[in-house]
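See below for the structure under consideration.
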Amino acid sequence: MSVTAAKGFTAAGIAAGIKDNGNPDLALVVNTGPRLAAAGVFTSNRVKAAPVLWSEQVLRGGQVSAVVLNSGGANACTGPLGFQDTHATAEKAAEVLGHSAGEVAVCSTGLIGVRLPMDRLLPGIEEAAKELSAYGGDKAAIAIKTTDTVHKTAVAEGAGWVVGGMAKGAGMLAPGLATMLVVLTTDADVDAPGLDAALREATRTTFDRVDSDGCMSTNDTVLLLASGASGIAPEAREFAEAVRSVCDDLAQQLIRDAEGASKDIRIEVVNAASEDDAVEVGRSIARNNLLKCAVHGEDPNWGRVLSAIGTTSAAFEPDRLNVAINGVWVCRDGSVGEDRELVDMRYREVRITADLAAGDESAVIWTNDLTADYVHENSAYSS
């Protein structure tokens, strides 16, 4: 159920001592081929961590033979020395595995502005290499957790081929991916351009539409590696759907594990003039802290939904807007609709539908409520 579900991949996860608590903190994923094709998407934040800058360069070559991932430190905003640390990480992995450093991607997650303990990380790579196994996917997924309460894996099967993946992330979930690391693997025989097309389409409608708190990370990375070990070249649409399915599964796991959340909120914008309008409106609703507080208190305050819609540039007429909460149309034509007392918000998932009455396009954005636990988690994070 992870990155080693596909043939041609091994993985490991160990405790290298990067985290003070002794928990697993270093993972290694290796593509044993015969194909080494790869694609990636990264944070759109202009402040990018050293491993993102490094991996972006690696992906330009369209080949990745190994990925080194660490938790316990983001290696972001650490200057030229931080980039040297990332380079040294790739060089060490290449040395141990007999690969080229230019084909080793590096991913880091944790606190920003702190150098990584290279005296622990580099020996850890040697140790992880000794632990590589076709059954090491779960251990790798556990090793990349930070504030995650559970490790996250998913698999989709094709006709003789597989797409598998692992993810970490529990906060800073916003468009431009999330504070997350994702490695997807497949044994399908797909070249780098084919991987890139499938990955970008998948992330556009999955990870890019998870918006926990409107904050964008410096380290977001999603990689898709193909070993070609199945010898099967699937039809492009079938392959893209499998990649999307795994991404969607992992994205849902991210939102369910969002820091401090007690409600998962599905925001569907319908009858928009364009998909861009639908996404803009959905994101505006998802980022409305007053609404998120209301949902936490199980208050169907539809006025806050309309208020959020009104801040966007989307095409709509205020007196034609409709809003439903858990299937009850509490707002009709920009005014009072069904009795709000009919809305049942006792359960974990809350569904909000915003009808713009301006076209036939739609989009879904996922977010969560705003809780005291979220504030505590993020105020105490550095310590």
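The table below lists the values:
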item	result
Residues of the range 98-142 that turn out to be modelled with pLDDT of 95 or more, hydroxyl-bearing (Ser, Thr, Tyr) and open to solvent by less than 70 Å² (accessible area, probe 1.4 Å), as a count	3
Helices (runs of 4 or more DSSP H) completely within the range 114-220 that count 3 or more residues being within 30 Å of residue 238 (Cβ to Cβ) and in contact (Cβ under 8 Å) with a residue 24 or more places away in the chain	137-143, 192-205
Only one of 98, 72 that is at positive phi and in contact (Cβ under 8 Å) with a residue 40 or more places away in the chain	72
Single unsatisfied condition, residue 287 versus (1) open to solvent by less than 60 Å² (accessible area, probe 1.4 Å); (2) within 27 Å of the chain's Cα centre (by Cα)	(1)
Within the range 222-273, tally of residues that are in contact with a helix residue (DSSP H, G or I) (Cβ under 7 Å, 6 or more places away or on another chain) and assigned to a helix (DSSP H, G or I)	7
Single condition residue 282 does not satisfy, out of (1) of a type outside the set (D, E, K, R); (2) within 30 Å of residue 62 (Cα to Cα); (3) open to solvent by less than 50 Å² (accessible area, probe 1.4 Å)	(2)
Those residues of the range 327-371 which are under 30 Å from residue 111 (Cβ atoms) and either acidic (Asp, Glu) or open to solvent by less than 80 Å² (accessible area, probe 1.4 Å) (or both), in sequence order	365, 366, 367, 368, 369, 370, 371
Condition met for residue 262 (in contact with a His (Cβ under 9 Å, 6 or more places away or on another chain) and open to solvent by 30 Å² or more (accessible area, probe 1.4 Å))	yes
Helices (runs of 4 or more DSSP H) wholly inside the range 274-383 containing at least 2 residues that are without any contact (Cβ under 8 Å) to a residue 24 or more places away in the chain and farther than 15 Å from residue 263 by Cα	302-309
Residues satisfying the stated conditions in the range 282-321, i.e. of a type in the set (Phe, Trp, Tyr) and out of contact with any Cys (no Cβ under 6 Å at 6 or more places or on another chain)	316
Count of residues meeting criterion [surrounded by fewer than 24 Cβ atoms within 10 Å (Cβ to Cβ), within 18 Å of the chain's Cα centre (by Cα) and part of a loop (DSSP other than H, G, I, E, B)] in the range 1-42	1
Per-region count, the range 44-53, residues in contact (Cβ under 8 Å) with a residue 60 or more places away in the chain and either crowded, with 24+ Cβ neighbours inside 10 Å or hydrophobic (A, V, I, L, M, F, W, C) (or both)	4
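The values are calculated or read from the model by the stated rules, or taken from the named source; none is laboratory data. Everything numeric in this text was worked out from a predicted model, so none of it was measured. Glycine gets a Cβ as well: all are built from the backbone with ideal geometry, and neighbour counts include every protein chain shown. Accessible surface is based on the protein model in full, side chains and every heavy atom, while ligands, DNA and RNA are left aside. Shrake-Rupley method; radii C 1.70, N 1.55, O 1.52, S 1.80 Å.
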